[in-house]
There are 6 protein chains.
Amino acid sequence: MKIKVINPNTTPEMTEDICVSARSGASPGTEVVCLNPAKGPGTVEGWYDEYISISFLIEELLKAERDDPADAYVVACFGDPGLYALRELTDKPVVGVAESAIALTRFVAARFAIVTIMPRIRLMLEELVERCGARHRCASIRTPDLSVADFMDDYDRCEKILIDQAREAIAEDYAEAMILGCAGMAAFVENVRKALPVPVFDAVASGVRVAESLVGLGIGTSKVQTYKPPEKKEFKGLGELFQP
Amino acid sequence: MKIKVINPNTTPEMTEDICVSARSGASPGTEVVCLNPAKGPGTVEGWYDEYISISFLIEELLKAERDDPADAYVVACFGDPGLYALRELTDKPVVGVAESAIALTRFVAARFAIVTIMPRIRLMLEELVERCGARHRCASIRTPDLSVADFMDDYDRCEKILIDQAREAIAEDYAEAMILGCAGMAAFVENVRKALPVPVFDAVASGVRVAESLVGLGIGTSKVQTYKPPEKKEFKGLGELFQP
Amino acid sequence: MKIKVINPNTTPEMTEDICVSARSGASPGTEVVCLNPAKGPGTVEGWYDEYISISFLIEELLKAERDDPADAYVVACFGDPGLYALRELTDKPVVGVAESAIALTRFVAARFAIVTIMPRIRLMLEELVERCGARHRCASIRTPDLSVADFMDDYDRCEKILIDQAREAIAEDYAEAMILGCAGMAAFVENVRKALPVPVFDAVASGVRVAESLVGLGIGTSKVQTYKPPEKKEFKGLGELFQP
Amino acid sequence: MKIKVINPNTTPEMTEDICVSARSGASPGTEVVCLNPAKGPGTVEGWYDEYISISFLIEELLKAERDDPADAYVVACFGDPGLYALRELTDKPVVGVAESAIALTRFVAARFAIVTIMPRIRLMLEELVERCGARHRCASIRTPDLSVADFMDDYDRCEKILIDQAREAIAEDYAEAMILGCAGMAAFVENVRKALPVPVFDAVASGVRVAESLVGLGIGTSKVQTYKPPEKKEFKGLGELFQP
Amino acid sequence: MKIKVINPNTTPEMTEDICVSARSGASPGTEVVCLNPAKGPGTVEGWYDEYISISFLIEELLKAERDDPADAYVVACFGDPGLYALRELTDKPVVGVAESAIALTRFVAARFAIVTIMPRIRLMLEELVERCGARHRCASIRTPDLSVADFMDDYDRCEKILIDQAREAIAEDYAEAMILGCAGMAAFVENVRKALPVPVFDAVASGVRVAESLVGLGIGTSKVQTYKPPEKKEFKGLGELFQP
Amino acid sequence: MKIKVINPNTTPEMTEDICVSARSGASPGTEVVCLNPAKGPGTVEGWYDEYISISFLIEELLKAERDDPADAYVVACFGDPGLYALRELTDKPVVGVAESAIALTRFVAARFAIVTIMPRIRLMLEELVERCGARHRCASIRTPDLSVADFMDDYDRCEKILIDQAREAIAEDYAEAMILGCAGMAAFVENVRKALPVPVFDAVASGVRVAESLVGLGIGTSKVQTYKPPEKKEFKGLGELFQP
């Protein structure tokens, strides 16, 4: 089984971290390939970043399907960008890391908290949690004032903040499981897990497991209505690859 | 007051129809400018179409803000694509035509129905209605098997279907107002209105009025958190225009 | 275009303030007429006040329709009293100021807060927000212990409290826009707006704009079911005006 | 224990029917007094009717409290008009018949249906069901095209329609209990009950029982916030009775 | 009228306290019989306790129906254990004390709080409140770190904690009525009531009143679908009593 | 990795079918052990059946943990009985088959339908879907009048009914994926899958995959609040095994 994990941002160091997480989540015998587009934002920290990244994410999926298809695709950004469009383009499962982690929490915890980056993405995550049907299971979304860049520049301070926020979520918000809500937090999972008395979900690893599960169950994307292939039409000014 | 109406698809004939609607919705003295990107899908009938169109929509807004800013922007596609990102890019109001029409129905009707195109966009519109807080006000979303192209190719048949669907929504679903749920339906509004005993909302005209209202009230996009300007970072492979 | 703004309380000074707001929200060329009934409560600060005011509000509308009809009516009290009944009595739009302001926030802000008067009206406003489909967009309803009378008696203290509450809503509740939740707060809008970094909605001005928009779009109240004229029957002990 | 049941319409024949229901619901030893105002609509079949009736309903309660207080009050109209205001005016329980019947269904049935009068009151009842927290328990609201007057003019046809509608609700909507959703349907309860295999709730009798229960438990209306006595102020043009 | 109140735990002292509450809630002339199974947990403080208690609760009901049927049954544990199953086994009403108290609050208060025992049952009560359709009416669920055993061992400390928590719920959470959320709190009701300015609901007394009301109204459990008698089948290893 | 699948009914033939499904869902190298209690109902088709089965289900889990612990447990009954209690008794994951299938649908389909047995379990499944946060994703719950026994007695008729119901759900309810909503339907999965154009979820196989995923990710049951071990206390009349 081959799973392609696409990091929608253009920072190869982050793709490497994501790859470590992705492999930690995979079963023996699963081939995990991680990649990122060459174009687009260096990190995704808002809607402009996200929407711009989606067209390059789509391009990566179209190229993969044409040249070297995988058995399933995982989008490794906690906003779960572009999933609905990607599902129109393949009959393989396409899985988001946020929806995967959120879905798995319910099997082991009454409620979870998300610790993520800066407050400006709060609405994005609230709508994501709502779409996942998890509003009443979500104890809190904690948005310390951190950027993705901070993770690399100031690892120790970030780790402390993440752990402190998680502890507060347990003590004050009744959280019983924790999700690290940024694909770029892969490098923190191990230490956060050691510091906390609750299950800690690595979203990327969760996504890879869910993708594997669907492949293992013989389940692909439904093609009867919502995720049918795009309607035939001209896409002006775009290459052959993009024409439906 | 100048309002720019952006049709995110690349079909100039549709932009012309939209422009007629947009002007019908504007007050005397408001300048309405309609445009569409040169690149992207000819029509928007699913998520792939929508997400691809968003990057060109963003480009149009960035160019407008740089070269010839308007007092407000209206996105003229019933899926309300890309609004959250566009709002990060300007402090002028950015208004979707679907959310505008849905918001206005509540002042004159207990519940509304949407008559739109093919069933594959049902989830898209359901999530849109939910985001607008109108689930319990929405009597039904009627999705006859029509494409946007049909509107031009077979006007009479389409008109009949739209009117029949609307009548059924009134009789069976308790709809008391009607929204034509596709910017491409502008040319049908007048005849549908004549045929029905309930208020019929032209979404494009609604969007223009809402944009005008905000400008008139001196209200712009809130810049404190969610819609702050994008974080500074490199967007690889993209021109100057796109760099935050 | 002529718009009548009805203040349901019987305090002419407040009607004057409301009129300033109403005119600030109107387009050039729109005639705004403000009035209040001669009978009923001096202010509306609870349900008893509200329900008693509704019969006089209805009377004003009936007289207006009989003697000097407007193109639309605005009810200028933040509880949006009696709208459903008023809509049965005319085919012109009848607009509440609370529902107008709430509807407009979504175009420019991820979430809004309401700063209003005393805590006893909390349930009233919560149910209003829920009916508007805005529960998840409403960051908080702030109810400092102020009466409507305080606004006139102690302007400076009230202004400070309103601004402090709004600042707290931004800092603690993630509000990104503010609604002044009392028609009697018209006189504070300008100073509150200067003091805050977010859009501030004057509810009365918002209501006038929404009413104008509907008239401009040629949209009236739907008369097919919910808002049909009242059933024919005798209203005992009431004059000719009230008989359906 | 004395319970006053107030029919908000002005039709004494209906008050008599209501009184039969009310007494059928009372325990031995409970004194039930039924009354209606002298002024207002002959029946309540929409919001205009309802809001006009509320001021006279309030007047009846104020007189009762002043002259001959009861231990609890029941408002006998299925729209539950004016409850929130009435609760401000007394520390005795004030109970609506609709909310009572809806509350009691959950103890004996997975879901209930309401069979009521004409379709124009659908939104009124949907909002009432929602306020009662029973949306997901409500199998359907059936609105045959009947007026309250029809009940008296054409008893047999009405009975047949009510029974047919109830049977359809059981067969098609999965209803497992039935509420007759109009205080004027009191005269039908017995025959409907005989014809159906499910529990049938007489709303007036339910309201009386709930009122009794609260009195028996020593529970009165909470006076700390929402239902505090009205704020002191002048009610212009209204008699002494109405001044808070 | 005879009502059996079943305490699902095996602590007779608690059954005695419950019996005092139950009788305080009953009308004159109602016979109240209280009992508890001989087997099962001494107290119910989590799901394991609850599910184990349910089979013995079922056994008590089956024996009662066979040997000495009552007119209605009340389950006296605030988690409302096993109600759905018990309703399949009788056509008499089966009433939970939590759902009863929650249902009655809405007639006298805008919102209520529950003061209960240890935090581990928070999810249990949240789901219960949700099933009762009361999420938006529930100001808070307060879970001080108390066990049921503490009530007997350290009455004074517990009383103080309950009152303090209730006062905080009124002051901070806008609660306007209070429910003591544990059948074992019967002995505290009187003193808590004296200490608070809001209505205090004794859940056991509430349950008895609701049961009485249903019997008085001639309403039994609906037997058409959900609560039909169990399907005929073999229950291996269980005695005659348990065979459907 | 060893996974124990517990069928809560006492029909060994059904456990065998379940085992085939369970193994079809497992990865190579995962040991799957299937079992059922010796006591309890032959099938689970209502709440009485379910609650009685839970105590024996609990006993099986306690014995497994004491004598031969697995890495995870799967409860193979579509009502997901007793999960919350089982999670208090172990720090391994305990997974329900219904919640697993429901969780997985969202990755490949906009909405799903459940085809299950007789209508009496409709409320049970509606509440389950609601607890899973999937109400708006659930196109329909189809309840043909079939018992579990029918599956064995009349295989061909059942298969036809299941396929017909599923086709109707796709055509009329906009379902895009299908869940067979009864663990006893394992033997139908293959043929149903062949007959339908949408993904078909075998709930038991889904449960095994989810259990595997959690084990693979190193995630166990959270023990901080809701799922802590039961409080220490006496369980009267029950053996050593049951004492916490």
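The values are calculated or read from the model by the stated rules, or taken from the named source; none is laboratory data. Small disclaimer: the values here were computed from a predicted structure and weren't measured. Glycine also receives a Cβ, built like all others from the backbone with ideal geometry; neighbour counts cover every protein chain displayed.
Within the stretch D:220-242, residues that are touching a residue at least 12 places away in the same chain (Cβ under 8 Å) reach partners that are among the polar types (S, T, N, Q) with beta carbons closer than 8 Å, at six or more positions or on different chains, in the pairs D:T221/D:T90; D:Y227/D:T221; D:E231/C:T43; D:E231/C:S147.
Among the residues making up the stretch B:105-119, those that are out of contact with any strand residue (DSSP E or B) (no Cβ under 8 Å at 6 or more places or on another chain) and more than 11 Å from chain C (Cβ to nearest Cβ) are B:I117, B:M118, B:P119.
Note on the stretch E:1-38: residues that are of a type in the set (G, A, S), outside any helix (DSSP H, G or I) and in contact with a strand residue (DSSP E or B) (Cβ under 8 Å, 6 or more places away or on another chain) amount to 2.
Here's the yes/no breakdown for (1) touching a residue at least 24 places away in the same chain (Cβ under 8 Å); (2) surrounded by 18 or more Cβ atoms within 10 Å (Cβ to Cβ); (3) of a type outside the set (D, E, K, R):
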{"position": "D:P12", "(1), (2), (3)": "yes, no, yes"}
{"position": "D:T30", "(1), (2), (3)": "yes, yes, yes"}
{"position": "D:V33", "(1), (2), (3)": "yes, no, yes"}
{"position": "D:V44", "(1), (2), (3)": "yes, yes, yes"}
{"position": "D:L57", "(1), (2), (3)": "yes, yes, yes"}
{"position": "D:K63", "(1), (2), (3)": "yes, no, no"}
{"position": "D:D67", "(1), (2), (3)": "no, no, no"}
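Here F:C132 clears all of (1) under 23 Å from E:Q225 (Cα atoms); (2) under 21 Å from the mean Cα position of the chain (by Cα); (3) of a type outside the set (G, A, S) except the condition numbered (1).
The residues in the stretch C:167-219 that are buried (at least 24 other Cβ atoms within 10 Å of the Cβ), part of a helix (DSSP H, G or I) and of a type in the set (D, E, K, R) can be counted, and the count is 2. Of the residues making up the stretch E:220-230, just one is within 15 Å of D:A101 (Cα to Cα) and either more than 9 Å from chain D (Cβ to nearest Cβ) or surrounded by fewer than 22 Cβ atoms within 10 Å (Cβ to Cβ) (or both), namely E:G220.
If you go through the stretch C:105-119 and keep only what is without any contact (Cβ under 8 Å) to a residue 40 or more places away in the chain and either assigned to a helix (DSSP H, G or I) or hydrophobic (A, V, I, L, M, F, W, C) (or both), you end up with C:F107, C:P119. For the stretch A:39-60, check the following and say yes or no: at least one residue is of a type outside the set (F, W, Y), over 26 Å from A:E126 (Cβ atoms) and in a helix (DSSP H, G or I). Yes, some residue in the stretch A:39-60 is of a type outside the set (F, W, Y), over 26 Å from A:E126 (Cβ atoms) and in a helix (DSSP H, G or I). What do you reckon, is D:T43 among the β-branched types (V, I, T) and under 15 Å from the mean Cα position of the chain (by Cα)? When the stated conditions are applied, D:T43 passes them.
All of (1) more than 9 Å from chain E (Cβ to nearest Cβ); (2) crowded, with 20+ Cβ neighbours inside 10 Å; (3) under 15 Å from the mean Cα position of the chain (by Cα) hold for F:E16 with one exception: (2).
C:A186 passes every criterion in (1) closer than 30 Å to D:T10 by Cα; (2) at pLDDT below 95; (3) hydrophobic (A, V, I, L, M, F, W, C) apart from (1).
Residue-wise test of (1) within 9 Å of another protein chain (Cβ to nearest Cβ); (2) under 21 Å from B:N9 (Cα atoms); (3) in contact with a Gly (Cβ under 7 Å, 6 or more places away or on another chain); (4) in a loop (DSSP other than H, G, I, E, B).
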residue	(1), (2), (3), (4)
B:A70	no, yes, no, yes
B:D80	no, yes, yes, yes
B:A103	yes, no, no, no
B:I121	yes, yes, yes, no
B:M124	yes, yes, yes, no
B:V129	no, no, no, no
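Residues that are among the acidic types (D, E), assigned to a helix (DSSP H, G or I) and away from chain D (no Cβ under 14 Å) do occur in the stretch E:159-166, at least one of them.
In the stretch B:136-146, of all residues being at pLDDT 95 or above and not in a loop (DSSP other than H, G, I, E, B), the one that is nearest to the other protein chains (Cβ to nearest Cβ) corresponds to B:R137.
Here the condition is being over 30 Å from C:C138 (Cβ atoms), away from every other protein chain (no Cβ under 13 Å) and within 19 Å of the chain's Cα centre (by Cα); of B:A149, B:A186, it holds for B:A186 alone. Residues in the stretch C:192-244 that are out of contact with any helix residue (DSSP H, G or I) (no Cβ under 6 Å at 6 or more places or on another chain) and among the polar types (S, T, N, Q): 2 in all.
Which members of the stretch F:91-101 meet the condition of being surrounded by 23 or more Cβ atoms within 10 Å (Cβ to Cβ) and not in a helix (DSSP H, G or I)?
Of the stretch F:91-101, the ones surrounded by 23 or more Cβ atoms within 10 Å (Cβ to Cβ) are F:92-101.
Listed by number, the residues that qualify are F:K92, F:P93, F:V94, F:V95, F:G96.
Residue count for the stretch C:69-90 satisfying the condition of being closer than 25 Å to B:V97 by Cβ and surrounded by fewer than 24 Cβ atoms within 10 Å (Cβ to Cβ): 1.
Among the residues of the stretch B:231-244, those that are outside any loop (DSSP other than H, G, I, E, B) and either at pLDDT below 95 or more than 10 Å from chain A (Cβ to nearest Cβ) (or both) comprise B:E240, B:L241.
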